Every structure is written in C-alpha cells, then in structure tokens.
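**Student:** Sharing a structure with you now.
The values are calculated or read from the model by the stated rules, or taken from the named source; none is laboratory data. None of these values were measured; they are calculated from a predicted model. Every residue, glycine among them, receives a Cβ derived from its backbone with ideal geometry; neighbour counts consider all protein chains shown.
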Amino acid sequence: PAHFIVRGSILHFLQDPAQYPDAEAFEYLDDGYLWLADGFVQGTGHWQQLGDIPAAARDHATWADHSGHLILPGLIDTHMHYVQAGMIGSFGCRLLDWLNDYTFPAEAAFADPEVARVTAKFVIDRLLAHGTTTASVFGSVHPQSVDAFMAEADRRGLRMLCGKAMMDRYCPPEVRDTAEQSGRDSADLISRWHGKGRLRYTVTPRFAPTSTPEQLTIAGELYRSKPDLHVQSHLAENDKEVAWVAELFPQQRDYLDVYEHFGLTGPRTIYGHCIHLTGREQAAMAATGTAAAFCPTSNLFLGSGMFDYQSVAGAGVRVGLATDVGGGTSLSMIRTLAEAYKVSQARHHPLSPMRGWYLATLGGARALYLDQFIGNFASGREGDFIVLKLDATPELAFRMERAHTLAERLFAMTTLGDERCVVATYILGQRAH
Ligand code: GUN
Ligand code: FE
C-alpha cells in the first residue's frame with residue numbers, strides 16, 4: 001500500500017457518544033502525526049513516537065510537513081443548496097416570499113445542463129477551498145442538476161450526498177414536477193449515482209407545502225427502496241410556514257407528523273432548521289433517529305428564528321451544522337460556527353469551543369449516519385482532512401499571541417477565522433486544495 005505520513009497539530013473527536021455524552025472527548029497531539037495507507041487512516045500519534053509505525057511502512061512513505069498548523073477531519077455541511085450559490089444575499093424577504101421572489105426563479109435556470117455543470121464545478125471548488133469535504137446537497141427539481149453535481153463530485157472522489165428536489169405544487173411550472181415524474185426521475189438518479197464511488201443519493205422532497213400527499217408517499221417508498229438511501233427536507237423553519245403546513249395537513253398532529261405519516265423519518269433522514277418544534281416533535285425525532293441541521297446564518301438572514309441547540313440536542317436528537325446556502329450567507333463552516341455560537345449565547349446556553357468543532361466534524365458525520373466512514377481519525381476512516389493556519393490574518397495573529405489554551409485558540413479562530421485559515425484540503429490522502 002501507499003503510505004502517507006502528515007506532521008502537524010492533530011485534533012479530532014472520539015467516537016463513542018454513549019461513553020462520552022458531552023461529546024467533548026477529543027485527542028489533541030500538539031506535535032503529532034496522521035498516518036494513512038491508500039487514503040485510509042491507520043493511526044495518529046506523537047511525533048516522538050513515530051517509531052510505533054512499522055519500519056516497512058515508514059521506509060516507503062511519502063510525507064507532508066504541516067508543523068505548526070492544525071490538522072482536523074474535513075468539515076461537514078449537513079444541509080446546503082448548490083443551485084442557490086448564485087443568489088446568496090437576496091434582500092428583504094422572509095422564507096415564503098424569498099422562495100417565490102428569488103429562489104424558484106434562480107433554480108429555474110438549472111433546466112440548462114450547462115448552467116448546472118458550471119455551477120457544480122464552482123461550488124465543489126469552493127467547498128474544498130472552505131475545508132468542507134462532505135455535504136448534504138439539494139439540487140433543483142431538474143434531474144440534470146443532480147447529474148452535474150454527482151459527476152463533478154465523483155470525478156474528485158468525494159463523499160457527497162445529493163438529491164433532486166421533489167416539488168409538485170405551490171411553485172411555478174418551471175420548477176414543478178408531478179408525483180409520478182419525480183418518482184421516475186429520482187429512481188433513475190438512484191440507479192445512476194447511489195453507491196458510485198463514495199456518493200449516496202438523498203431523496204429530497206423540498207418541504208411539506210410543495211409536495212402533494214401522493215408525492216410524499218412516493219418519497220417514502222423511494223427511501224425504503226434500496227439500502228443506505230438518505231432523506232433531506234425542511235422542518236419548522238418559519239412561523240408562517242408552520243401555520244401553512246397545519247392548514248394543508250389538518251389530520252397531522254404537527255409538522256413532523258406529516259413526515260412521520262409518509263415514512264420519511266428514521267436513520268439517514270435530516271431536516272433543515274427545526275426552529276419551531278414542540279416537545280413531542282423533539283422526542284419523536286430522538287426516538288426515530290431523525291436528525292436536525294442547525295443553519296444559523298440562514299436562520300438569521302431570513303429572520304426565521306433561533307435554533308434551540310440546548311433543547312434539541314438535550315432531547316437526544318442528532319444535530320449537525322449547516323450553511324443552508326443560499327438562505328445561508330457563507331460557504332464557510334468556520335463562519336457558520338461563529339454564528340452558531342452567537343445564537344446559542346442569545347439563548348443563554350453558549351456552545352463551548354470544543355462542542356462547536358465537534359459539530360462541524362464528528363457531529364455532522366453522526367447526523368448523516370456516515371460516522372463509520374468520516375468525521376474523525378479512528379483507524380479505517382477515510383482520509384479526508386484539512387490543514388488550518390491559526391494566524392492566517394493580522395487580527396488572528398495578534399489575537400493568537402495572547403491565547404494560551406487550545407480551547408482559547410480554537411475559539412479565537414471560530415470568531416475571527418474563515419476560509420483564509422484553510423491552507424490545504426486533502427481527499428483520501430490526496431491534496432485537493
Ligand atoms: N424551505 C423550502 N425550500 C427552502 C429553501 O430552499 N431554503 C430554505 N432556507 N428553506 C426552504
Ligand atoms: Fe435549505
């Protein structure tokens with residue numbers, strides 16, 4: 001095998017959340033190594049103990065020296081819309097008007113496969129530049145938008161999730177499908193992409209209001225049609241949306257119950273926002289293994305509200321962090337972390353520095369049920385990792401001179417940092433940025 005040994009300050013979070021319910025058990029090696037073979041993690045250790053790596057591996061290894069820089073598992077964005085990259089920062093509307101005035105017209109352009117190809121390449125380049133190595137991604141209603149994203153992700157060997165938006169009502173004809181057509185298109189995409197390389201398909205009913213009961217039924221059937229399919233959608237983001245769902249689905253107890261009714265909850269299902277949840281919904285999400293994506297920049301930008309991390313995570317729900325571009329305002333998971341902290345402060349339960357970085361790595365992997373593959377440097381994990389420079393800007397350098405503990409330095413980077421801190425991104429041990 002091809003051995004690869006990287007030197008730097010290694011930081012990652014440990015696996016067993018039952019053993020570490022505070023999710024803050026981590027390994028930090030100030031001067032450490034990360035050892036990969038054929039792109040998979042073999043182990044980590046102190047640089048002084050390099051001798052623990054068998055000589056046969058060491059003698060034939062290639063090396064990368066990132067001493068003085070932080071080495072972390074690749075960041076995981078658990079909810080984003082690649083087809084909205086060109087409409088970030090659309091002014092003045094809250095969710096339902098924002099969708100009608102800006103989002104649906106922007107997504108209509110993805111009927112053109114060339115628009116999809118150019119945008120997919122741009123977004124994947126920029127995700128890697130921001131240190132994001134895995135994302136759960138919404139396409140537009142057009143299956144060609146998913147073809148473009150999956151082809152580009154596959155070409156680069158990425159572990160990515162993507163699905164075609166299913167939406168057969170309450171949207172313009174340019175972005176509307178039908179229940180039957182969405183079923184056929186999704187099934188075709190599943191057969192083309194699900195399980196190809198490291199790709200997985202995500203069944204993507206946009207959200208309850210834009211799907212008929214017939215379409216939601218088909219979405220539930222698709223989710224169960226093959227092993228390891230995922231589901232993504234939106235839940236309890238905005239007060240008017242929640243009221244509308246109650247009107248549209250009068251038989252259901254609450255918003256989550258719509259998804260439960262159509263078999264769209266369970267392992268590998270994740271819902272964006274989850275701001276306005278009842279205690280029943282939180283408990284049902286926890287009981288079924290349904291995950292929540294915390295999208296702080298989007299929730300603030302669209303005036304949707306403040307996700308209650310303490311309450312949702314405390315109820316036992318798996319929570320990941322997400323940009324939700326283009327409702328979100330940055331592709332940067334570092335900036336997203338800074339906003340997550342501010343929201344948690346406003347809710348009087350500040351996210352600790354370590355918990356924040358847990359959420360951006362292993363927490364995201366757990367929310368997507370991918371933690372056997374990615375999220376930390378346990379032996380056998382896929383070697384997607386990033387190299388962060390803590391003093392990438394003058395403000396950071398000035399601040400770092402006065403920061404002494406690991407938590408203090410990490411938190412200063414959370415607050416002041418962005419993609420300028422990402423000096424390298426590696427995919428399965430190969431430099432990709
Ligand atoms: N709800 C339904 N569609 C969307 C979307 O594209 N973005 C956000 N933030 N919420 C949604
Ligand atoms: Fe979204």
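**Student:** Check off (1) under 20 Å from the mean Cα position of the chain (by Cα); (2) among the small types (Gly, Ala, Ser); (3) surrounded by 18 or more Cβ atoms within 10 Å (Cβ to Cβ) for Gly32 and give me the number that stays unchecked.
**Tutor:** With (1) under 20 Å from the mean Cα position of the chain (by Cα); (2) among the small types (Gly, Ala, Ser); (3) surrounded by 18 or more Cβ atoms within 10 Å (Cβ to Cβ) applied to Gly32, the lone miss is (1).
**Student:** If you don't mind, there's one more thing I want to ask. Among what's in segment 279-307 and is within 16 Å of ligand 1 (Cβ to nearest atom) and assigned to a loop (DSSP other than H, G, I, E, B), pick the residue that is surrounded by the fewest Cβ atoms within 10 Å (Cβ to Cβ).
**Tutor:** Checked segment 279-307; the qualifying residue surrounded by the fewest Cβ atoms within 10 Å (Cβ to Cβ) is Gly303.
**Student:** Is one or more of the residues making up segment 164-181 within 16 Å of ligand 2 (Cβ to nearest atom) and assigned to a helix (DSSP H, G or I)?
**Tutor:** Taking every residue of segment 164-181 in turn, at least one turns out to be within 16 Å of ligand 2 (Cβ to nearest atom) and assigned to a helix (DSSP H, G or I).
**Student:** Of the conditions (1) assigned to a strand (DSSP E or B); (2) among the polar types (S, T, N, Q); (3) surrounded by fewer than 17 Cβ atoms within 10 Å (Cβ to Cβ), Gln48 fails just one. Which one is it?
**Tutor:** Going through (1) assigned to a strand (DSSP E or B); (2) among the polar types (S, T, N, Q); (3) surrounded by fewer than 17 Cβ atoms within 10 Å (Cβ to Cβ) one by one, Gln48 breaks only (1).
**Student:** Is it the case that some residue within segment 319-339 is under 11 Å from the mean Cα position of the chain (by Cα) and either among the charged types (D, E, K, R) or surrounded by fewer than 20 Cβ atoms within 10 Å (Cβ to Cβ) (or both)?
**Tutor:** yes
**Student:** If Ser140 meets every condition in (1) away from ligand 1 (no atom under 11 Å from the Cβ); (2) in contact with a Phe, Trp or Tyr (Cβ under 7 Å, 6 or more places away or on another chain); (3) not in a helix (DSSP H, G or I) apart from one, which number is that one?
**Tutor:** If we test Ser140 against (1) away from ligand 1 (no atom under 11 Å from the Cβ); (2) in contact with a Phe, Trp or Tyr (Cβ under 7 Å, 6 or more places away or on another chain); (3) not in a helix (DSSP H, G or I), just (1) comes out false.
**Student:** Restricted to segment 186-227, and to residues that are within 17 Å of the chain's Cα centre (by Cα) and of a type in the set (A, V, I, L, M), which residue is nearest to ligand 2 (Cβ to nearest atom)?
**Tutor:** If we take residues in segment 186-227 being within 17 Å of the chain's Cα centre (by Cα) and of a type in the set (A, V, I, L, M), then Val203 is nearest to ligand 2 (Cβ to nearest atom).
**Student:** Restricting to segment 366-418, give me the number of residues that are over 30 Å from Ala286 (Cβ atoms) and within 16 Å of the chain's Cα centre (by Cα).
**Tutor:** So the count comes out to 2.
**Student:** Being in the same structural domain as Thr323 (by TED's automatic domain parsing) and of a type outside the set (Lys, Arg) narrows it down to one of Thr336, Thr393, Thr415, Thr405, so name that one.
**Tutor:** Testing whether each residue is in the same structural domain as Thr323 (by TED's automatic domain parsing) and of a type outside the set (Lys, Arg) leaves just Thr336.
Each row is one residue, and each column tells you yes or no for (1) modelled with pLDDT under 95; (2) in contact with a helix residue (DSSP H, G or I) (Cβ under 9 Å, 6 or more places away or on another chain); (3) in a loop (DSSP other than H, G, I, E, B).
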site: Ala187; (1), (2), (3): no, yes, no
site: Ser191; (1), (2), (3): no, no, no
site: Gly195; (1), (2), (3): no, no, yes
site: Val203; (1), (2), (3): no, yes, no
site: Ser225; (1), (2), (3): no, yes, yes
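**Student:** Something else now. Mind listing whichever residues of segment 51-77 are assigned to a strand (DSSP E or B) and surrounded by 15 or more Cβ atoms within 10 Å (Cβ to Cβ)?
**Tutor:** Those that are assigned to a strand (DSSP E or B) and surrounded by 15 or more Cβ atoms within 10 Å (Cβ to Cβ): Ala64, His66, His69, Leu70, Ile71, Leu72, Pro73, Leu75, Ile76, Asp77.
**Student:** Pick from segment 401-417 the residues that are surrounded by fewer than 19 Cβ atoms within 10 Å (Cβ to Cβ) and touching a helix residue (DSSP H, G or I) at 6+ places or on another chain (Cβ under 6 Å): which of them is farthest from Asp31 (Cα to Cα)?
**Tutor:** Thr415
**Student:** Only residues that are of a type in the set (Ser, Thr, Tyr) and either within 12 Å of ligand 1 (Cβ to nearest atom) or in contact with a strand residue (DSSP E or B) (Cβ under 9 Å, 6 or more places away or on another chain) (or both): list them for segment 308-325, please.
**Tutor:** Applying the first criterion (of a type in the set (Ser, Thr, Tyr)) to segment 308-325 yields 309, 311, 323.
Scanning segment 308-325 gives Tyr309, Thr323.
Residues checked against (1) crowded, with 23+ Cβ neighbours inside 10 Å; (2) more than 16 Å from ligand 1 (Cβ to nearest atom):
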site: Arg155; (1), (2): no, yes
site: Met160; (1), (2): yes, yes
site: Asp168; (1), (2): no, no
site: Arg176; (1), (2): no, no
site: Glu180; (1), (2): no, yes
site: Asp185; (1), (2): no, yes
site: Asp188; (1), (2): no, yes
site: Arg198; (1), (2): no, yes
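**Student:** Tell me, which helices (runs of 4 or more DSSP H) lie completely within segment 338-433 with 1 or more residues that are under 30 Å from His276 (Cα atoms) and not small (Gly, Ala, Ser)? It would help to see each step written out before you state the result.
**Tutor:** Working: elements: 353-358, 364-367, 394-400, 406-416.
By residue number, 353-358, 364-367, 406-416.
**Student:** Here's a follow-up. Answer with yes or no whether Val319 is within 17 Å of Thr288 (Cα to Cα), of a type in the set (A, V, I, L, M, F, W, C) and within 16 Å of ligand 2 (Cβ to nearest atom).
**Tutor:** For Val319, the condition - within 17 Å of Thr288 (Cα to Cα), of a type in the set (A, V, I, L, M, F, W, C) and within 16 Å of ligand 2 (Cβ to nearest atom) - is met.
**Student:** Within segment 83-135, work out how many residues are within 16 Å of ligand 1 (Cβ to nearest atom) and either surrounded by fewer than 22 Cβ atoms within 10 Å (Cβ to Cβ) or more than 21 Å from Asp418 (Cβ to Cβ) (or both).
**Tutor:** 28
**Student:** Still on this structure: If we keep just the residues of segment 228-278 that are part of a loop (DSSP other than H, G, I, E, B) and of a type in the set (S, T, N, Q), which is nearest to ligand 2 (Cβ to nearest atom)? Spell out the reasoning first.
**Tutor:** Restricting attention to segment 228-278, the residues satisfying the condition of being part of a loop (DSSP other than H, G, I, E, B) are 228-229, 236-238, 249-254, 262-268, 274-278.
Those left that are additionally of a type in the set (S, T, N, Q): 238, 251-252, 265, 278.
Details: Asn238: 11, Gln251: 26, Gln252: 21, Thr265: 18, Thr278: 21 Å.
Ranking the candidates gives Asn238 first.
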